[in-house]
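Let me begin by presenting the structure, written as structure tokens, before commenting on it.
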Amino acid sequence: MSANAFLAGLALLFAISHKNPEALRQKPATETALTLLQPAQQSLTCSADRTSLMPGERINISARTNQNSGRTVSYRWLPNGGGNIIGSGSDVQFDTSGLGPGSYRVTVEVQTGGGNPEVCAVELIIMAPPPPPQATKVASCSYLKAGSARVGNACKRVLDDVALRLKDDAGAKVMVIGFADASEPNPSKLAAARAANVKKYLVERGISASRVVPRAGKATEETSEKRMFDIIFVPEGAVY
């Protein structure tokens, strides 16, 4: 090669490298980037319309998840500690029949395709029922005259208060127990007559006869303290 040709080639190489320096560098191997599409993150919540209830009641429980459109979603409800699930899907009822007072949990497992299910739970408290109403003695009145079954003025005032209380509590009844002491003539019959006359007076004051139950008490001792009647107030639901 002549000197002129060598110099011309060198000049051409210089011109190419000056305009595009990258042209002389070796290109790396082609790389392909792959983007893996992940399903949207699930967010599961569950709730009940109330969390305190009485034995035997039912409550509504719901589960909500932001599953992708088109996915099949399955729900598995698990009552922990007893009770029954009524229904299926995202909205069910929990029946507490047969459960006693205490804390309970209802769990739901939500499956959206493959992988592990999402889980959430509702905590519930079943409260102890209130004690049943109790019958109580609310009044009594004594007879000053032996052998008498007539309701005197003092006893009428007592019974007027009883009548007002019965009118205020429409579901209540009263038990009238008449007493007679053993020294009085025919004490068993006299005790029954005293109770019957008390009932008659209360009916006259506007109380239904079905709400007044007369009964003769036992004469067990010779004392004027047994010349009397007792009024036992029996609220609705109470047993006497």
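The values are calculated or read from the model by the stated rules, or taken from the named source; none is laboratory data. In this text the structure is predicted, and so the values were computed from the model without any measurement. Positions of Cβ are backbone-derived with ideal geometry, glycine not excepted, and every protein chain shown enters the neighbour counts.
Quick notes on this structure:
- If you go through the stretch 114-153 and keep only what is closer than 30 Å to Pro187 by Cα, in contact with a Ser or Thr (Cβ under 9 Å, 6 or more places away or on another chain) and either surrounded by 12 or more Cβ atoms within 10 Å (Cβ to Cβ) or among the acidic types (Asp, Glu) (or both), you end up with Ser142, Tyr143, Ala146.
- Unmet criterion (only one of (1) at pLDDT below 95; (2) over 15 Å from Ile126 (Cα atoms)) for Gly87: (1)
- In the stretch 139-158, the residues that are closer than 13 Å to Lys226 by Cα form Cβ pairs under 6 Å with partners that are modelled with pLDDT of 95 or more and charged (D, E, K, R), at six or more places apart or across chains, as follows: Ser140/Asp230; Ala149/Arg194.
- Members of the stretch 174-206 that are assigned to a strand (DSSP E or B) and either under 16 Å from Lys145 (Cα atoms) or β-branched (Val, Ile, Thr) (or both): Val174, Val176, Ile177, Gly178
- Top-ranked residue in the stretch 49-72 [being under 16 Å from Glu109 (Cα atoms) and crowded, with 16+ Cβ neighbours inside 10 Å; ranked as modelled with the lowest pLDDT]: Gln67
- Within the stretch 81-153, strands (runs of 3 or more DSSP E) holding 1 or more residues that are β-branched (Val, Ile, Thr) and more than 18 Å from Arg58 (Cβ to Cβ): 102-112, 118-126, 136-142
- Selection of first residues in the stretch 99-113 that are without any contact (Cβ under 8 Å) to a residue 24 or more places away in the chain and of second residues that are assigned to a strand (DSSP E or B) and of a type outside the set (A, V, I, L, M), restricted to Cβ pairs under 7 Å at least 6 apart or on distinct chains, gives the following pairs, ordered by first then second residue: Ser103/Glu123.
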